[in-house]
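Remarks on the structure that follows.
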Amino acid sequence: MPNEDQYYEIYILGTSSIDMYAKCGNIERAKCIFHGIGLQKDVMAWSAMIAALAMHGLSEECLELFTKTINDGVRPNAVTFVGVLCACVHGGLVSEGNRYFKRMMEDYDVSPLIQHYGCMVDLYSRAGCIEDAWNVVKSMLLEPDVMIWGALLSGARMHGDIETCEVMSIKKFLELDPTNSSTYVLLSNVYAKLGRWGEVRHLKRSMDVSGIKKVPGCSLVEIDGVLHEFFVGDDSHPETQDIHRMLDEIMKRLKKNGYIGNTSEVLLDLDEEGKEFALSLHSEKLAIAYCFLRTSPGTTIRIVKNLRICSDCHVAIKMISREFNKEIIDRDCNRFHLFKNGLCSCKDYW
């Protein structure tokens, strides 16, 4: 029988493995390891599995597991509640998130950390409850950081709240991190959607003068142990011509079956044809085309992207998963998306 030190090593290794497999997109393997650890799991194991489910957008399953954690006699800690609140964020569960945030403090005496406040601001902002998000910021016992203002700014942009973007979030965000290109890009996106191209050009000039560079969209795929990197509009890959030919074939089939490019996602002052061309060169589309060239039909495609997936690519990849019977896992900067049979695990909320 293993001694106490060996049991401890098993739990540490198991908890680390849950986190590793979840971050690699294999949530089923993470679940197997979690259930294989044994009956007497500690708070670290429960928290790791809760965080894994939240990361993959399995919000209801995550909250059910939290209930099992309590029923198992395990007292949740600050890390546990970060996972629970993240699950509420990804599921758009506003009332549940508010309830768990209160339980965290009232039932378990866990003082909110900046991560908990960040989750609540993100939760309200994504749901369009900008005033509630502001109330969280005002109630904070800690000084809001870049993560807090970024969550508020992102939500305000998503819902077209130009006043919040211009007057409050931008000011605070630039005070904390004046060289962060994402602030300029977010505000530029708001102006572009409103057709205010003069302001877009002004922001671009400000970035050029300050030497601030926009972070380009980048997608990574691993094939036969080799990482392949694709940037938006990329033509540097040695197999570029074959990739573009494959992508053309994929997009023709999608269009034949009803795909229409969402040109509102192209925040450039171009005509419709130019916008459609720009959409076709997004990094994840190029990565998928390369995987079609270099993997067998039944292979799951796994993509890691540095930015949030756009609405057009989200629609296109859902259709690809259905039309070509492909399972595609895309980890963007916020969460995992599992595309299968024309659906996404995020249920179109991300």
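Tell me, please, whether a residue that is within 21 Å of the chain's Cα centre (by Cα) and in contact (Cβ under 8 Å) with a residue 40 or more places away in the chain can be found in the stretch 186-193.
yes
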- Count of residues meeting criterion [under 17 Å from E323 (Cβ atoms) and either in contact with a His (Cβ under 7 Å, 6 or more places away or on another chain) or at pLDDT 90 or above (or both)] in the stretch 270-292: 6
- Message: Within the stretch 231-249, does at least one residue satisfy the condition of being of a type outside the set (A, V, I, L, M), at pLDDT below 85 and closer than 30 Å to L194 by Cβ?
- Response: yes
- Cβ-Cβ below 7 Å, separation at least six or inter-chain, first residue in the stretch 314-342 and assigned to a helix (DSSP H, G or I), second surrounded by 22 or more Cβ atoms within 10 Å (Cβ to Cβ) and of a type in the set (F, W, Y): which pairs? I317/F339; K318/F339; S321/F339
- Item | Residue list for the stretch 71-82, restricted to those being open to solvent by less than 80 Å² (accessible area, probe 1.4 Å), out of contact with any Pro (no Cβ under 9 Å at 6 or more places or on another chain) and not in a loop (DSSP other than H, G, I, E, B) | T80, V82
- Task: Could you look through the stretch 139-154, keep only residues that are farther than 25 Å from T179 by Cα and open to solvent by 50 Å² or more (accessible area, probe 1.4 Å), and pick out the one that is modelled with the highest pLDDT?
- Result: S139
- Item | Yes/no for V121 being open to solvent by 50 Å² or more (accessible area, probe 1.4 Å) and not aromatic (F, W, Y) | no
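Confirm whether M246 is more than 28 Å from P144 (Cα to Cα), in a helix (DSSP H, G or I) and not charged (D, E, K, R).
yes
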- Item | Given (1) farther than 20 Å from L93 by Cβ; (2) surrounded by fewer than 20 Cβ atoms within 10 Å (Cβ to Cβ), number of the condition G128 does not satisfy | (1)
- Just for the stretch 296-313: of the residues that are in contact (Cβ under 8 Å) with a residue 60 or more places away in the chain and either closer than 13 Å to D348 by Cβ or part of a strand (DSSP E or B) (or both), which one is most open to solvent (accessible area, probe 1.4 Å)? R302
- Message: Return the residues of the stretch 28-45 that are touching a residue at least 24 places away in the same chain (Cβ under 8 Å) and open to solvent by less than 20 Å² (accessible area, probe 1.4 Å); say none if nothing qualifies.
- Response: A45
- Task: Collect the residues in the stretch 212-235 that are assigned to a loop (DSSP other than H, G, I, E, B) and open to solvent by less than 90 Å² (accessible area, probe 1.4 Å), keeping them in residue-number order.
- Result: I212, V215, P216, G217, G225, V232, G233, D234
- Query: Given the residues S95, S125, S111, which is the only one that is modelled with pLDDT of 80 or more and not in a helix (DSSP H, G or I)?
  - Reply: S111
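The values are calculated or read from the model by the stated rules, or taken from the named source; none is laboratory data. Quick caveat: nothing in here was measured; it's all calculated off a predicted structure. Cβ coordinates were reconstructed from backbone atoms using ideal geometry, including for glycine residues, and neighbour counts include every protein chain displayed. Accessible surface is based on the protein model in full, side chains and every heavy atom, while ligands, DNA and RNA are left aside. Shrake-Rupley method; radii C 1.70, N 1.55, O 1.52, S 1.80 Å.
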